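Engineer: Input: one structure, supplied below.
The values are calculated or read from the model by the stated rules, or taken from the named source; none is laboratory data. A quick note: this is a predicted structure, and the numbers were derived from the prediction, not measured. Counting neighbours? That spans all protein chains shown, and the Cβs are built from the backbone with ideal geometry, glycine included. Only protein heavy atoms, including side chains, enter the accessible area calculation; ligands, DNA and RNA are left aside. Shrake-Rupley method; radii C 1.70, N 1.55, O 1.52, S 1.80 Å.
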Amino acid sequence: IGDWIQGWTFSTDSDATDIANLTAARREISGHSSETHGFSSGGDNSGISSTINKFTFSSESDASTHGDLNNSVQYAAGQSSSDYGFTSGGNNGSTTSVVDKFAFASNVTASSHGDLSVARQRLTGQSSSTHGYSSGGSSTNTIDKFAFASNTTAADVGNLLVARNNAAGCSSTTHGYTAGGDNSIDKFSF
């Protein structure tokens, strides 16, 4: 379990450096990004956490508390719109399908934003400009899609090539990527 925030530059090949710390050491957290800040949510710190942390990209400053998730959760996926962070699925004592939503601009408790098509944990998150995606988890290959603008149940929109857990989710402007969980990288169109 660690509390490190590490940063590295996209413009050169160099190692990451420890630039700041979370408010407490946690593992199995979800990540989210606005244009100016990074956010971490949930995780495990001698018990499942509901904490949301916020840290700035412009300086090497420790994170501050930015409210709480609606439910404590670990092993969830993180997604980001321009104004909100989303935490989908995970484990809150049992495997869950809940999608939580919190505002980047205000320090308030998150609200429920719907559900995934199936409950699962250890999944990955991807984000387009209008939708969040949750892929894999709980030994499934399901790719779910939910709208950032409306509180509805996510739709199953496709499948990864193989079922996988504990992978990384990445996003371009047009595609989602699920890397790891085995030795492959899957790509799907938004």
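Engineer: When you check residue 145 against the structure, is it under 20 Å from residue 49 (Cα atoms) and part of a strand (DSSP E or B), yes or no?
Structural biologist: No: the conditions fail for residue 145.
For every residue, the table says whether it meets (1) open to solvent by less than 10 Å² (accessible area, probe 1.4 Å); (2) out of contact with any strand residue (DSSP E or B) (no Cβ under 9 Å at 6 or more places or on another chain).
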{"residue": "87", "(1), (2)": "yes, no"}
{"residue": "95", "(1), (2)": "no, yes"}
{"residue": "98", "(1), (2)": "no, no"}
{"residue": "110", "(1), (2)": "yes, no"}
{"residue": "135", "(1), (2)": "yes, no"}
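Engineer: Related question: Pull out all pairs, ordered by first then second residue, where Cβ-Cβ is under 9 Å, the residues are six or more apart or on different chains, the first lies in the range 154-182 and is free of Cβ contacts under 8 Å to residues at least 60 places away in the same chain and of a type in the set (Lys, Arg), and the second is in a strand (DSSP E or B) and open to solvent by less than 70 Å² (accessible area, probe 1.4 Å).
Structural biologist: So the pair list comes out as 164/124; 164/135; 164/178; 164/186.
Engineer: Further question: Scan the range 44-64 for residues that are of a type in the set (A, V, I, L, M, F, W, C), part of a loop (DSSP other than H, G, I, E, B) and open to solvent by 20 Å² or more (accessible area, probe 1.4 Å) and jot them down.
Structural biologist: Result: 57, single match.
Engineer: While we're here: For the range 14-43, give me each residue that is open to solvent by 20 Å² or more (accessible area, probe 1.4 Å), in contact with an Asp or Glu (Cβ under 7 Å, 6 or more places away or on another chain) and not charged (D, E, K, R).
Structural biologist: 19, 21, 24, 25
Engineer: All but one of (1) of a type outside the set (Phe, Trp, Tyr); (2) open to solvent by 50 Å² or more (accessible area, probe 1.4 Å); (3) not in a loop (DSSP other than H, G, I, E, B) hold for residue 67; state the number of the condition that does not hold.
Structural biologist: Here residue 67 meets the rest and fails (2).
Engineer: Is the range 42-63 home to any residue that is in contact (Cβ under 8 Å) with a residue 12 or more places away in the chain, farther than 28 Å from residue 131 by Cβ and among the aliphatic types (A, V, I, L, M)?
Structural biologist: No, there is no match, as no residue in the range 42-63 is in contact (Cβ under 8 Å) with a residue 12 or more places away in the chain, farther than 28 Å from residue 131 by Cβ and among the aliphatic types (A, V, I, L, M).
Engineer: How many residues does the range 178-190 hold that are under 17 Å from residue 122 (Cβ atoms) and touching a strand residue (DSSP E or B) at 6+ places or on another chain (Cβ under 7 Å)?
Structural biologist: Number of matching residues: 4.
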